[in-house]
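Written out below as structure tokens is the structure these notes cover.
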Amino acid sequence: MILLNTALAQDVHFSQFFSAPLILNPAFTGKFDGNLRVISNYKNQWQNIEKAFATATVSADFQVLKNKISPLDSWGVGVLALTDKSANGTVSFNYAAISTSFHKAMDEDGRSHLSLGFQGTYANFIINTSKLEFEDQLTIRGFTNITSEVFTSDMINKKYADINAGFLYSANFLNDTYFYLGISGHHLNRPRIKFTGADYLLNTKINFQAGGIIPISPISVLHLSGLHSNQAKAGETIVGGIWERILDNDYSFFLGGWSRVNDAIIPYLGFTKNGFNLGITYDVNISSLRTASSLRGGIELSLGYNFTDGVKKVKCPKF
């Protein structure tokens, strides 16, 4: 405690970043084959360290003005809600976001697209003082006294607006090989966060993402993806992929994993059935924190449903 003078932290992040497209990059809004996409994510990280972080999201996005713009182009609109609780619920972070993205065809066949997306966010940061304990509460029976600390709403409840944006390039080749490259910036307006004893501008976060779909056979597909994220002096790099086994037209099985460099190994198991997508990962912590975590990083679940009429078929990131 005496030596500690600086603390570094980063935004909410998911191991299944590929299953949280509206968090990853606003340019992914509406970038899917279907009429409506709904996705929910849940992560419980380092659950054996007093419920360190528990995060849940839900998002929905769809395409608009389909009859007003070129059939090779598309315009997506989406909404996102997130709640994150840390330190066993002592700190709560919640936000709601609206995003939009336009996907412009770069060739006459619509095999490649350049996408530009924007996202506006309204956030609420709350400290639950009922879960805090202070020196003047301590008695021989524990923390049983009433604290003399006084809190005002401005000290423990902060609201702010945020702006995110991103670019995405994607291309589909004749042999059905597909790839995408993207970059996104978050907290571009650098909102001010101010508490008692703390006053700072939220640092901008930059995400670089890439991925691809490589058919191996009529019933076997390889999905690759990677992410590099940096915010102030905190960053992470995740690389990996999954193998898809197509069992019939409506059902697939996925198996693979990712590595968060110098931090965790992340095995993955997934299924799709009639538009439903289920993904399960478990972070196996291999960093120096493993002494406390006992190699257990946390479980993460993603559940999505893609409403489609089965007519339009385009290659796009598969979430």
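Values quoted throughout were computed directly from the atomic coordinates according to the rules given, and no laboratory measurement underlies them. The model shown is predicted, which means the values in this text are computed figures rather than measured ones. Backbone-built Cβ (ideal geometry, glycine too); neighbour counts: all protein chains shown.
Over the chain, dividing the summed -39,500 (n - 2.57) contributions of all DSSP H runs of at least 4 residues by the number of residues returns a 222 nm mean residue ellipticity of -500 deg cm²/dmol. Ignoring aspartates and glutamates fewer than eight residues from LYS43 along the same chain, the ones with Cα atoms less than 20 angstrom from its Cα are ASP11, ASP84, GLU236, ASP263, ASP283, GLU300.
Each residue, THR139 and ALA161, gets one label point 7 Å from its Cα in the Cβ direction; the gap between the two is 4.9 nm.
Applying a 10 Å radius around every beta-carbon, put 257-267, 134-144 in order of their mean neighbour count, most first.
Working: 257-267: 17.6, 134-144: 10.4.
Ranked by mean Cβ neighbours within 10 Å, highest first: 257-267, 134-144.
Between LYS66 and TYR169, full extension at 0.36 nm per residue minus the direct alpha carbon distance yields a gain of 35.0 nm.
Can you tell me how much longer the chain between ASP248 and ALA234 gets when fully stretched, taken as 0.36 nm per residue apart minus their C-alpha distance, in nm with one decimal?
Details: separation 14, 0.36 × 14 = 5.04 nm, distance 4.31 nm.
Taking ASP248 through ALA234 to full extension adds about 0.7 nm, to one decimal.
Once both labels are positioned 7 Å from their Cα atoms along Cα-to-Cβ, the gap between TYR42 and VAL77 label points is 3.0 nm.
Please work out how much length the chain gains when fully extended from ALA198 to THR147, using 0.36 nm per residue of separation minus the C-alpha to C-alpha distance, in nm with one decimal.
Working: separation 51, 0.36 × 51 = 18.36 nm, distance 2.14 nm.
Difference between extended and current length: 16.2 nm.
Charge tally for THR237 (other residues, Cβ to Cβ under 10 Å; Lys, Arg +1; Asp, Glu -1): -1.
The listed peptides 53-64, 269-280, ordered by packing as a protection proxy, come out as 53-64, 269-280 (highest mean of other Cβ atoms within 10 Å first).
For the pair VAL261 and TYR305, label points projected 7 Å from Cα toward Cβ lie 3.9 nm apart. For the residue pairs LYS31/LYS233; LYS31/LYS68; LYS104/LYS273, alpha carbon separations beyond 20 Å are given by LYS31/LYS233; LYS104/LYS273.
Taking every alpha-carbon pair under 8 Å whose residues sit at least 6 apart, region 17-307 reaches a relative contact order of 15 percent. Largest GNM mean-square fluctuation across ILE146, ILE126, ILE214, computed for the chain with C-alpha springs under 10 Å, falls on ILE146.
Region 78-116 and region 14-34 have Cα centres spaced 6 Å apart. Candidate values [x] 0.99; [y] 1.10; [z] 1.04 were compared with Cα Rg over 2.2 N^0.38 Å computed on the shown model; the agreeing label is [y].
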